[in-house]
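This report concerns only the one structure given below.
The values are calculated or read from the model by the stated rules, or taken from the named source; none is laboratory data. What you are looking at is a predicted structure, and each value in this text was computed from that prediction instead of being measured. Positions of Cβ are generated from backbone atoms using ideal geometry, with glycine treated the same way; all protein chains shown enter the neighbour counts.
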Amino acid sequence: MRGFRRILPATFIAALVGLAACGESADSSPTGQVSNPVILDDSQPQSWTVYQGVPNDVLRLRQVQIRDPGFFGRDMVAMTLMVPVDWQDRGAVNWADTLCQLRMQQIQWEAFSADGRERMQILPAEGWIANQSNMGDSRPDPNGCPDWTFASLREYFQAWIDHHRPGARVLDFEVDPETSQALVAALPTMPGMDGMHYHNRAEAGRLLLGYQENGVEFREVLTTGVIFMQFSMHMSSYGAGPDFQMASLTGATLPMFTARAPAGQLDFDRLEVFASTLSMDPAYADEVSRFFAGLNRTRIEGERERHQIRMDTINYIGQLNRDSYNSRIDSMDRSSQQFSQTMREVQTWVDPVSRQPVELPMHYRNAWRMADGTYLMTNNDGFDPWRDLQARGERMQSGSR
């Protein structure tokens with residue numbers, strides 16, 4: 001499959017979603033207000049200036065915001081990204097009424113073409129915990145994390161398809177080694193202890209589907225990553241009976257990114273252009289990071305009081321959210337920002353109206369900010385929006401400000 005070169009940036013998703021432990025203590029309930037689920041109903045169409053005769057080598061985009069409507073006490077921009085100017089978008093970030101931290105924050109957003117046949121989606125992350133011991137103890141997680149046993153990305157994909165795209169045909173599947181390694185590297189090292197063993201692994205990749213809808217054959221690509229944390233413990237009974245053995249598997253996914261189009265029209269390069277512009281708002285990321293860090297501090301204190309070693313192990317995966325975000329902040333100098341932009345294949349331009357930096361897809365030499373707030377990009381040095389389209393626009397300069 002000639003798919004995306006990489007999935008959505010791992011550090012961004014980890015900081016946003018909070019891949020944290022499911023097993024917090026009973027006194028660590030969320031301090032924010034649980035928001036009602038967003039229903040992706042039809043929104044009012046937005047009107048944009050129609051330019052006649054736009055050349056094929058000119059890309060026209062607009063910036064959209066994915067918002068959190070009030071979990072932190074105010075309406076906040078969670079993230080931004082660029083989409084085709086004539087596409088509509090809807091959705092938001094919501095918070096589920098659950099104590100399972102792996103499933104608290106729910107991103108549900110989509111953008112779609114005028115005829116509805118082309119669509120991109122960001123769908124909620126998921127998580128699960130499965131425990132077993134030689135004493136017959138296989139209790140479900142007390143905080144509501146499901147006891148699924150998926151042990152590979154392919155297994156998770158198949159279960160997702162069975163639930164969300166029943167009857168769809170799997171046409172291709174591939175693992176992205178680069179992103180998989182980055183996810184594992186983002187996890188902190190857990191010190192070894194006698195009788196306890198830890199093993200972390202991750203798989204990130206893509207899967208291509210084929211299915212029919214209303215008589216039209218579609219192709220859809222799914223992309224996400226799954227982190228698996230395996231823990232085992234062996235405690236000797238010193239002859240008083242059988243040794244105690246237990247094993248735990250915790251799985252946590254990144255949000256699912258999907259893109260679909262009629263068969264033969266799914267443009268992977270164009271979709272990657274849009275996905276690469278996804279950017280987390282720093283103020284929102286800070287709120288999310290502090291919220292999950294607070295939950296984990298409360299939970300850890302309770303665990304220490306009750307000596308719950310199993311919960312300490314589950315908390316391991318929660319470090320992904322905090323450490324990945326903090327390391328991102330600590331290294332946010334000019335060189336690291338340039339490296340991040342290179343990896344995401346975006347570059348910074350200055351919006352001549354707001355005077356604020358805007359990230360747009362890399363590989364375009366020329367950019368204009370149009371009067372209606374949209375952006376035109378092209379490598380055609382002879383293109384001029386006023387001469388060619390009779391539309392007013394200001395040429396953008398590259399740089400941070």
Residues being at pLDDT 85 or above, buried (at least 17 other Cβ atoms within 10 Å of the Cβ) and among the polar types (S, T, N, Q): count how many of those fall in the stretch 121-166. 1
Flag if LEU208 is surrounded by fewer than 22 Cβ atoms within 10 Å (Cβ to Cβ), within 19 Å of GLU118 (Cβ to Cβ), in the same structural domain as ALA114 (by TED's automatic domain parsing) and under 19 Å from the mean Cα position of the chain (by Cα): yes
Strands (runs of 3 or more DSSP E) fully within the stretch 293-388 counting 1 or more residues that are in contact with a Gly (Cβ under 8 Å, 6 or more places away or on another chain), at pLDDT 50 or above and polar (S, T, N, Q): 346-350
Output the residue which, of all residues in the stretch 167-205 that are at pLDDT 85 or above and among the hydrophobic types (A, V, I, L, M, F, W, C), is nearest to the chain's Cα centre (by Cα). ALA204
Just to verify a result, which residue in the stretch 257-277, among those that are touching a helix residue (DSSP H, G or I) at 6+ places or on another chain (Cβ under 7 Å) and outside any helix (DSSP H, G or I), is farthest from GLN132 (Cα to Cα)? ALA259
For the stretch 99-106, check the following and say yes or no: at least one residue is buried (at least 16 other Cβ atoms within 10 Å of the Cβ), closer than 22 Å to GLU220 by Cα and in the same structural domain as THR250 (by TED's automatic domain parsing). yes
Every residue in the stretch 389-401 that is assigned to a loop (DSSP other than H, G, I, E, B) and among the polar types (S, T, N, Q), please. GLN390, SER400
Just for the stretch 344-401: of the residues that are within 19 Å of ARG270 (Cβ to Cβ) and in contact with a helix residue (DSSP H, G or I) (Cβ under 8 Å, 6 or more places away or on another chain), which one is surrounded by the fewest Cβ atoms within 10 Å (Cβ to Cβ)? MET362
Just to be sure, is ALA92 among the aliphatic types (A, V, I, L, M), within 23 Å of MET280 (Cα to Cα) and in contact (Cβ under 8 Å) with a residue 60 or more places away in the chain? no
